[in-house]
Amino acid sequence: MTAGRARARFLSAAVLLAALSCATTACGSSTSAGSAETKPQSTWEEPVSYSYTLTSNTQVLAGTFQVQVRDGKVAEVVGLDEDSRRQVQDLRAEVPTIGELLKTLKQARSEDADTADADYAADGHPVRISLDWDKNSIDDEALYTISSYEPTPGRRDSPLPTAPARGFQRPD
């Protein structure tokens, strides 16, 4: 009988130790993917002109796009895969600037979307934005990956001067 009690105590202690180990691990510093967010290291201000590659996985816009932004607006878009080439023809106006993506993220947060997460590069520009307004709805998720971001040299603060319109002649 004594051996049986010792075995029971040993098993109880082992179960307690395992439970404590699991509880300690759960209290560690790791976070779940749904709640994780990497804050920008610095404040990023969108330049007037830049280029970037956008990989979008949304209901409306899907594919990989090379985007040129000039004077704060999307000036050129090149589709880099079959889906994006087709969408450039049909939905070019749907391709956003990085600033527009950040506004969408801010709006999702203000509307208490179920997911509104972002990861940032060291300079503060976003490299990944994940949105899901309602986890119970289908097709409202959006994942944007931003890569190859390059500010356009010499066009950071002010737009280029515009050339005179054709046919315009200066008075003598």
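The values are calculated or read from the model by the stated rules, or taken from the named source; none is laboratory data. Not measured: the values here are computed from a predicted model. Glycine gets a Cβ as well: all are built from the backbone with ideal geometry, and neighbour counts include every protein chain shown.
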Pick from segment 121-172, criterion among the small types (Gly, Ala, Ser) and in contact with a strand residue (DSSP E or B) (Cβ under 8 Å, 6 or more places away or on another chain), ranking: modelled with the lowest pLDDT: 142
Cβ-Cβ under 7 Å pairs, at least 6 apart or on other chains, segment 104-133 side in contact (Cβ under 8 Å) with a residue 40 or more places away in the chain and within 23 Å of residue 64 (Cβ to Cβ), far side among the polar types (S, T, N, Q) and in a strand (DSSP E or B): 115/130; 117/130
Selected residue (criterion: nearest to residue 143 (Cα to Cα)) from residues of segment 113-125 that are touching a Phe, Trp or Tyr at 6+ places or on another chain (Cβ under 7 Å) and buried (at least 16 other Cβ atoms within 10 Å of the Cβ): 113
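Could you please find all residues in segment 127-145 being touching an Asp or Glu at 6+ places or on another chain (Cβ under 8 Å) and either acidic (Asp, Glu) or in a loop (DSSP other than H, G, I, E, B) (or both)?
Result: 132, 133, 134, 135, 140, 141.
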Selection within segment 73-112 - modelled with pLDDT of 95 or more, small (Gly, Ala, Ser) and either surrounded by fewer than 18 Cβ atoms within 10 Å (Cβ to Cβ) or not in a helix (DSSP H, G or I) (or both): 75, 79, 99, 110
Hey, residue 63 of a type in the set (Gly, Ala, Ser) and touching a Ser or Thr at 6+ places or on another chain (Cβ under 8 Å) or not: yes
